[in-house]
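Enquirer: Sharing a structure here in structure tokens format.
Just so it is clear, none of the values below were taken in a lab; they were calculated from the coordinates. In this text the structure is predicted, and so the values were computed from the model without any measurement. Backbone-built Cβ (ideal geometry, glycine too); neighbour counts: all protein chains shown.
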Amino acid sequence: MNNGKHINYDLLKEIVISAFGTQWLKKYDLYPEGSEVCWLKTIFRKHRKAFSYLEHLVVWHSILGSGWQVADILKQVHLQTKGNKSLATPLLDATEKDKTKYRGLWLVAVVKNGINYARKYKFGYVYAWLYRHDRDWLLQVNNQYKVPNITENQRIDWHKRDRHLVKLLCRIKNDTELQLDDPRHSMNWYLSKLYCGSTVGKHLNDLPLCKLFFMKFCENIAEYQIRRITCAAVTQRLSNNTLRRWQILRMSGLSEQRLISLADTFLLRIIRI
């Protein structure tokens, strides 16, 4: 699934959709969109992001097909050997006259324009020559003229941001509260709806209102199961069908083994099946 050294995203997307179907992927917010920040694109990049277990499982199953085991994949990864780091390019011979010439050009360029500007504009050939023929001198000089990276400390008003974000979260909750067929309204689900969800997740201690919101309104597994059961029961009633326990469980994607005790009580006492 490569185009040369690059991944053929269109083919990968087609394989994932054919393996799981559009409806299922959209239900769990896993449908691969065309944007550059789509999870299916970013999971194959050199990144420092974390991905959910479902995203990993979708990729594994789509590529490997049926019959694979998580333990086998982890074992294969564990047995892989780390590649050796490539050695630095050996230096080329050069006369002292040439070294003096290029050293002078580089010193003038660095003093006047700085290292990065000199390397990117006009004097890139000088840098390249010195790197191949006189590397130790080049690195020593660059270290002397290196400009410290001073970042301005822009302090964030966390209290103001907390109030703004919790209003957005409340709006999301109100807009989706009656959507019975939604995925589980977990903290990660709410974070995915925010424009700065990753930042919120890393700074919950600085955002007490958001933290309180998640503690109070995020669905646990029992609540999610009850909502799925309710959705199935409403669908059956609207179709004038008799409510049967096995049908409700199947429509909800549940089984007797996976059913939480609270959801079981809901079936028995509220739905009465």
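Enquirer: Just to check, using Stokes-Einstein with a Kirkwood Rh over alpha carbon pairs, what's the diffusion coefficient of region 95-210 at 10 °C and 1.306 mPa s in µm²/s?
Expert: Working: Rh = 19.0 Å.
D, rounded to a whole number, is 83 µm²/s.
Enquirer: Where nothing but the Cβ of Lys and Arg (+1) and of Asp and Glu (-1) is charged, how large is the charge dipole of region 98-203 around its Cα centre, in debye to the nearest 20? Spell out each step's value before the answer.
Expert: Numbers: 20 positive and 10 negative charges, 108 e Å.
Dipole size: approximately 520 debye.
Enquirer: What are the ³J(HN,Hα) values, in whole Hz, obtained from phi via the Karplus relation 6.51 cos²θ - 1.76 cosθ + 1.60 with θ = phi - 60°, for each residue of region 258-271 in sequence order, with x given for Gly and Pro?
Expert: Result, rounded to whole Hz: 8, 6, 6, 4, 5, 5, 5, 4, 4, 4, 6, 9, 9, 6.
Enquirer: Using θ = phi - 60° and the Karplus form 6.51 cos²θ - 1.76 cosθ + 1.60, what ³J(HN,Hα) does each residue of region 51-56 get, whole Hz, x for Gly and Pro?
Expert: Each residue of region 51-56 in turn: 10, 6, 4, 5, 5, 5 Hz.
Enquirer: Can you give the angle from 0 to 90° between the axis of helix 208-217 and the longest principal axis of the chain, with both taken from C-alpha atoms, to the nearest 10?
Expert: Helix 208-217 sits at roughly 30 degrees to that axis.
Enquirer: Within a 10 angstrom radius of the beta carbon, how do Thr242, Thr265, Thr81 rank from fewest other beta carbons to most?
Expert: Values: Thr242 8, Thr265 13, Thr81 5.
Fewest-to-most Cβ neighbours within 10 Å comes out as Thr81, Thr242, Thr265.
Enquirer: What is the distance, in nm, between label points placed 7 Å from the Cα along the Cα-to-Cβ direction at Asp157 and at Ser18?
Expert: Those two pseudo-labels are separated by 5.4 nm.
Enquirer: With a bin width of 10 angstrom, please list the P(r) values of the chain as percents of all Cα-Cα pairs, from the 0 bin to the one holding the largest distance.
Expert: Final binned percentages: 5, 17, 19, 20, 17, 10, 6, 4, 1, 0.
Enquirer: Separate question: Helix 135-144 versus the longest principal axis of the chain: what angle, 0 to 90°, nearest 10, using Cα atoms?
Expert: Once rounded, the angle reads 70 degrees.
Enquirer: Right, next: Which whole number in µm²/s is D for region 155-207 by Stokes-Einstein, with the Kirkwood Rh taken over Cα pairs at 25 °C and 0.890 mPa s?
Expert: Numbers: Rh = 11.9 Å.
Taking Rh from Cα pairs, D becomes 207 µm²/s.
Enquirer: Mind checking which lysines have their C-alpha under 16 Å from Lys49, skipping anything on the same chain fewer than 8 residues away?
Expert: Lys41, Lys202
Enquirer: In addition: Rounded to the nearest 20 debye, what is the charge dipole size of region 2-79 about its Cα centre when +1 sits on each Lys and Arg Cβ and -1 on each Asp and Glu Cβ? Could the numbers behind the result be given before it?
Expert: On the way: 10 positive and 7 negative charges, 58 e Å.
Charge dipole of region 2-79: 280 debye, to the nearest 20.
Enquirer: Please list, ordered by chain and number, the residues whose modelled amide H lies under 5 Å from the amide H of Ile7; skip anything fewer than 5 residues away on the same chain.
Expert: Correct list: empty.
Enquirer: Using only the alpha carbons of region 222-271, what is the convex hull's orientation-averaged projected area in square nanometres? Write down the numbers at each step before the final one.
Expert: On the way: hull surface 11.8 nm².
With the hull built on Cα positions only, its mean projection is 3.0 nm².
Enquirer: Scale the Cα Rg of region 96-144 by the rule-of-thumb value 2.2 N^0.38 Å and send over the ratio, two decimals. Spell out each step's value before the answer.
Expert: On the way: Rg = 9.5 Å, N = 49, 2.2 N^0.38 = 9.7 Å.
Ratio of Cα Rg to 2.2 N^0.38 Å: 0.99.
Enquirer: Report the full-extension gain for the segment Lys202 to Ala128: residue separation times 0.36 nm, less the Cα-Cα distance, to one decimal in nm. Please report the intermediate quantities before stating the final value.
Expert: Working: separation 74, 0.36 × 74 = 26.64 nm, distance 4.15 nm.
Contour length minus Cα-Cα distance gives 22.5 nm.
Enquirer: Simple spin-label model, 7 Å along Cα-to-Cβ: Leu91 to Asp264 in nm?
Expert: Distance between the two pseudo-spin positions: 7.6 nm.
Enquirer: Pulled fully out, how much extra length does the chain show between Arg171 and Gln144, if you take 0.36 nm times their separation in residues and subtract their Cα-Cα distance? Don't jump to the answer; show the numbers that get you there.
Expert: Values: separation 27, 0.36 × 27 = 9.72 nm, distance 5.43 nm.
Extra length available between Arg171 and Gln144 comes to 4.3 nm.
Enquirer: If you don't mind, another one. Taking the Cα centre of the chain as origin, work out the dipole magnitude from +1 charges on Lys and Arg Cβ and -1 charges on Asp and Glu Cβ, in debye rounded to 20. Present the calculation step by step, with values, prior to reporting the outcome.
Expert: Working: 44 positive and 24 negative charges, 94 e Å.
That gives a dipole near 440 debye.
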